[in-house]
1. Condition first: surrounded by fewer than 19 Cβ atoms within 10 Å (Cβ to Cβ) and of a type in the set (Gly, Ala, Ser). Now tell me which residues in segment 56-89 satisfy that.
2. Looking only at segment 109-127, filter to residues that are in a loop (DSSP other than H, G, I, E, B) and more than 17 Å from residue 83 (Cα to Cα); which one of those is modelled with the highest pLDDT?
3. What number of residues in segment 128-144 are in contact with a Gly (Cβ under 9 Å, 6 or more places away or on another chain), surrounded by fewer than 17 Cβ atoms within 10 Å (Cβ to Cβ) and either aromatic (Phe, Trp, Tyr) or not in a loop (DSSP other than H, G, I, E, B) (or both)?
4. Do you know which residues across segment 56-76 are of a type outside the set (Asp, Glu) and in contact with a Lys or Arg (Cβ under 9 Å, 6 or more places away or on another chain)?
5. Restricting the search to segment 139-169, which residues are in contact (Cβ under 8 Å) with a residue 60 or more places away in the chain, in contact with an Asp or Glu (Cβ under 9 Å, 6 or more places away or on another chain) and of a type in the set (Val, Ile, Thr)?
6. Can you find a residue in segment 33-47 that is surrounded by 11 or more Cβ atoms within 10 Å (Cβ to Cβ) and modelled with pLDDT under 80?
7. Can you name the residue in segment 143-187 that is among the aliphatic types (A, V, I, L, M) and more than 23 Å from the chain's Cα centre (by Cα) and is also nearest to residue 72 (Cα to Cα) among such residues?
8. Cβ contacts < 6 Å: first residue in the same structural domain as residue 152 (by TED's automatic domain parsing), restricted to segment 172-185; second residue among the aromatic types (Phe, Trp, Tyr), any location; separation 6+ or different chain. Result?
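The values are calculated or read from the model by the stated rules, or taken from the named source; none is laboratory data. The model shown is predicted, which means the values in this text are computed figures rather than measured ones. Positions of Cβ are generated from backbone atoms using ideal geometry, with glycine treated the same way; all protein chains shown enter the neighbour counts.
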Amino acid sequence: MKSRKASLELSINAIVILILAITMLGLGLGFMRNIFGSATQQFTQVTGEVEKQMIEQLKSSGKIVDLDRPKITVKRGDTEQIYIGFKNVKSTDTYYKLNPPTGSTISEFTDAECNPSTGKVRIEYKGTTTTVQRGDVVVLPINIKSDPSANSGTCFFQLEIEETDSAGTSLDTPVKFFTQLTVDVTV
(Lines give C-alpha, C1' and ligand atoms only; values in the text may rest on other atoms or scores of the structure.)
Protein backbone atom coordinates (compact mmCIF):
# COMPACT_ATOMS: atom_id res chain seq x y z
CA MET A 1 0.00 0.00 0.00
CA LYS A 2 2.88 2.35 0.75
CA SER A 3 4.41 1.79 -2.69
CA ARG A 4 1.15 2.82 -4.39
CA LYS A 5 0.95 5.98 -2.28
CA ALA A 6 4.63 6.76 -3.01
CA SER A 7 4.18 6.26 -6.75
CA LEU A 8 1.03 8.43 -6.69
CA GLU A 9 2.94 11.19 -4.87
CA LEU A 10 5.77 10.88 -7.38
CA SER A 11 3.30 11.24 -10.29
CA ILE A 12 1.65 14.28 -8.69
CA ASN A 13 5.07 15.86 -8.08
CA ALA A 14 6.07 15.20 -11.70
CA ILE A 15 2.86 16.81 -12.96
CA VAL A 16 3.33 19.87 -10.71
CA ILE A 17 6.96 20.28 -11.88
CA LEU A 18 5.86 19.93 -15.52
CA ILE A 19 3.14 22.59 -15.08
CA LEU A 20 5.64 24.95 -13.40
CA ALA A 21 8.19 24.37 -16.18
CA ILE A 22 5.64 25.11 -18.91
CA THR A 23 4.51 28.26 -17.06
CA MET A 24 8.10 29.49 -16.68
CA LEU A 25 8.80 28.77 -20.36
CA GLY A 26 5.72 30.77 -21.37
CA LEU A 27 6.75 33.71 -19.17
CA GLY A 28 10.30 33.61 -20.55
CA LEU A 29 9.09 33.57 -24.16
CA GLY A 30 6.71 36.45 -23.47
CA PHE A 31 9.54 38.45 -21.88
CA MET A 32 11.85 37.83 -24.87
CA ARG A 33 9.13 38.81 -27.35
CA ASN A 34 8.57 42.10 -25.50
CA ILE A 35 12.29 42.92 -25.49
CA PHE A 36 12.79 42.18 -29.20
CA GLY A 37 9.50 43.84 -30.14
CA SER A 38 10.53 47.10 -28.46
CA ALA A 39 13.98 46.99 -30.12
CA THR A 40 12.35 46.65 -33.55
CA GLN A 41 10.00 49.53 -32.74
CA GLN A 42 12.94 51.73 -31.67
CA PHE A 43 14.81 50.91 -34.91
CA THR A 44 11.73 51.86 -36.94
CA GLN A 45 11.49 55.14 -34.99
CA VAL A 46 15.15 55.97 -35.71
CA THR A 47 14.67 55.20 -39.40
CA GLY A 48 11.60 57.46 -39.47
CA GLU A 49 13.52 60.28 -37.76
CA VAL A 50 16.39 60.02 -40.27
CA GLU A 51 13.86 60.14 -43.10
CA LYS A 52 12.13 63.23 -41.64
CA GLN A 53 15.48 64.95 -41.12
CA MET A 54 16.50 64.16 -44.70
CA ILE A 55 13.22 65.55 -46.07
CA GLU A 56 13.63 68.78 -44.09
CA GLN A 57 17.27 69.06 -45.16
CA LEU A 58 16.36 68.73 -48.85
CA LYS A 59 13.38 71.10 -48.63
CA SER A 60 15.51 73.83 -47.07
CA SER A 61 18.47 73.41 -49.45
CA GLY A 62 18.81 74.09 -53.14
CA LYS A 63 19.82 70.49 -53.86
CA ILE A 64 17.68 68.17 -55.97
CA VAL A 65 19.51 64.98 -54.92
CA ASP A 66 21.42 64.42 -51.69
CA LEU A 67 22.82 61.69 -49.43
CA ASP A 68 22.30 61.84 -45.67
CA ARG A 69 25.91 60.68 -45.17
CA PRO A 70 28.22 61.07 -48.18
CA LYS A 71 31.12 59.48 -46.27
CA ILE A 72 30.72 56.37 -44.12
CA THR A 73 32.88 53.83 -42.36
CA VAL A 74 31.97 50.14 -42.53
CA LYS A 75 33.72 47.30 -40.75
CA ARG A 76 34.85 44.29 -42.74
CA GLY A 77 31.93 41.85 -43.03
CA ASP A 78 29.31 44.43 -41.92
CA THR A 79 26.46 46.29 -43.61
CA GLU A 80 25.63 49.97 -43.21
CA GLN A 81 22.56 51.82 -44.45
CA ILE A 82 22.40 55.38 -45.73
CA TYR A 83 19.60 57.33 -47.40
CA ILE A 84 19.31 59.19 -50.70
CA GLY A 85 16.69 61.86 -51.20
CA PHE A 86 15.09 63.17 -54.40
CA LYS A 87 13.33 66.56 -54.50
CA ASN A 88 10.88 67.70 -57.18
CA VAL A 89 10.78 71.46 -57.77
CA LYS A 90 8.76 71.18 -60.99
CA SER A 91 5.02 71.70 -61.44
CA THR A 92 4.50 68.09 -62.62
CA ASP A 93 5.52 64.69 -61.32
CA THR A 94 9.20 63.87 -61.88
CA TYR A 95 10.79 60.46 -62.28
CA TYR A 96 14.31 59.69 -61.06
CA LYS A 97 16.46 56.63 -61.56
CA LEU A 98 19.78 55.83 -59.90
CA ASN A 99 21.92 54.52 -62.77
CA PRO A 100 24.34 51.68 -62.08
CA PRO A 101 28.04 52.46 -62.36
CA THR A 102 29.78 50.96 -65.40
CA GLY A 103 29.96 47.18 -65.29
CA SER A 104 26.88 46.68 -63.08
CA THR A 105 23.60 45.21 -64.19
CA ILE A 106 20.21 46.71 -63.43
CA SER A 107 17.37 44.91 -61.67
CA GLU A 108 14.86 45.65 -58.92
CA PHE A 109 17.78 45.99 -56.53
CA THR A 110 21.09 46.73 -58.16
CA ASP A 111 24.53 46.48 -56.71
CA ALA A 112 27.78 48.08 -57.75
CA GLU A 113 31.14 46.77 -56.62
CA CYS A 114 34.37 48.45 -55.65
CA ASN A 115 37.35 46.15 -55.65
CA PRO A 116 40.67 47.98 -55.95
CA SER A 117 42.97 46.84 -53.15
CA THR A 118 40.22 46.95 -50.55
CA GLY A 119 38.39 43.74 -51.36
CA LYS A 120 34.76 43.70 -52.37
CA VAL A 121 32.44 46.48 -51.20
CA ARG A 122 28.95 46.53 -52.70
CA ILE A 123 26.17 49.09 -52.70
CA GLU A 124 22.59 47.93 -53.17
CA TYR A 125 19.83 50.31 -54.18
CA LYS A 126 16.51 50.51 -55.96
CA GLY A 127 17.25 50.27 -59.67
CA THR A 128 13.76 51.10 -60.95
CA THR A 129 12.19 54.51 -61.47
CA THR A 130 11.11 56.51 -58.42
CA THR A 131 8.16 58.88 -58.80
CA VAL A 132 8.34 62.18 -56.92
CA GLN A 133 5.16 64.27 -56.93
CA ARG A 134 5.44 68.01 -57.48
CA GLY A 135 6.86 69.86 -54.49
CA ASP A 136 7.56 66.59 -52.66
CA VAL A 137 10.67 64.76 -51.43
CA VAL A 138 11.20 60.98 -51.53
CA VAL A 139 13.85 59.24 -49.41
CA LEU A 140 15.14 55.73 -50.20
CA PRO A 141 17.67 53.47 -48.46
CA ILE A 142 21.01 52.38 -49.87
CA ASN A 143 22.80 49.38 -48.31
CA ILE A 144 26.59 49.24 -48.24
CA LYS A 145 28.02 45.76 -47.69
CA SER A 146 31.63 44.85 -47.06
CA ASP A 147 32.71 41.26 -47.59
CA PRO A 148 34.41 39.47 -44.66
CA SER A 149 37.52 39.14 -46.86
CA ALA A 150 37.79 42.88 -47.58
CA ASN A 151 40.97 44.70 -46.56
CA SER A 152 41.20 48.19 -45.07
CA GLY A 153 40.90 50.95 -47.64
CA THR A 154 38.61 53.45 -49.31
CA CYS A 155 36.09 53.00 -52.12
CA PHE A 156 34.66 55.90 -54.13
CA PHE A 157 31.28 55.52 -55.83
CA GLN A 158 30.17 58.17 -58.32
CA LEU A 159 26.36 57.93 -58.19
CA GLU A 160 24.52 59.14 -61.29
CA ILE A 161 20.85 60.01 -60.91
CA GLU A 162 18.92 60.60 -64.11
CA GLU A 163 15.57 62.23 -64.69
CA THR A 164 13.47 59.85 -66.84
CA ASP A 165 9.96 59.39 -68.12
CA SER A 166 7.47 57.28 -66.14
CA ALA A 167 8.69 54.08 -67.84
CA GLY A 168 12.31 54.75 -66.83
CA THR A 169 13.42 55.67 -70.36
CA SER A 170 15.97 58.46 -70.75
CA LEU A 171 14.61 61.84 -71.86
CA ASP A 172 15.64 63.37 -75.21
CA THR A 173 17.75 65.91 -73.32
CA PRO A 174 18.72 63.95 -70.21
CA VAL A 175 18.97 65.78 -66.91
CA LYS A 176 21.56 64.12 -64.69
CA PHE A 177 22.68 64.71 -61.12
CA PHE A 178 25.88 63.36 -59.61
CA THR A 179 26.86 62.73 -56.02
CA GLN A 180 29.82 60.91 -54.56
CA LEU A 181 29.77 58.27 -51.85
CA THR A 182 32.99 57.50 -50.01
CA VAL A 183 33.21 54.19 -48.11
CA ASP A 184 36.09 53.60 -45.70
CA VAL A 185 36.55 49.91 -44.84
CA THR A 186 38.08 49.10 -41.45
CA VAL A 187 39.21 45.76 -40.11
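1. Of everything in segment 56-89, those that are surrounded by fewer than 19 Cβ atoms within 10 Å (Cβ to Cβ) and of a type in the set (Gly, Ala, Ser) turn out to be 60, 61, 62, 77.
2. 120
3. 1
4. 57, 58, 59, 61, 63, 64, 65, 74
5. 139, 142, 144
6. Looking for residues that are surrounded by 11 or more Cβ atoms within 10 Å (Cβ to Cβ) and modelled with pLDDT under 80, one finds at least one in segment 33-47, hence yes.
7. 175
8. 181/157; 182/156
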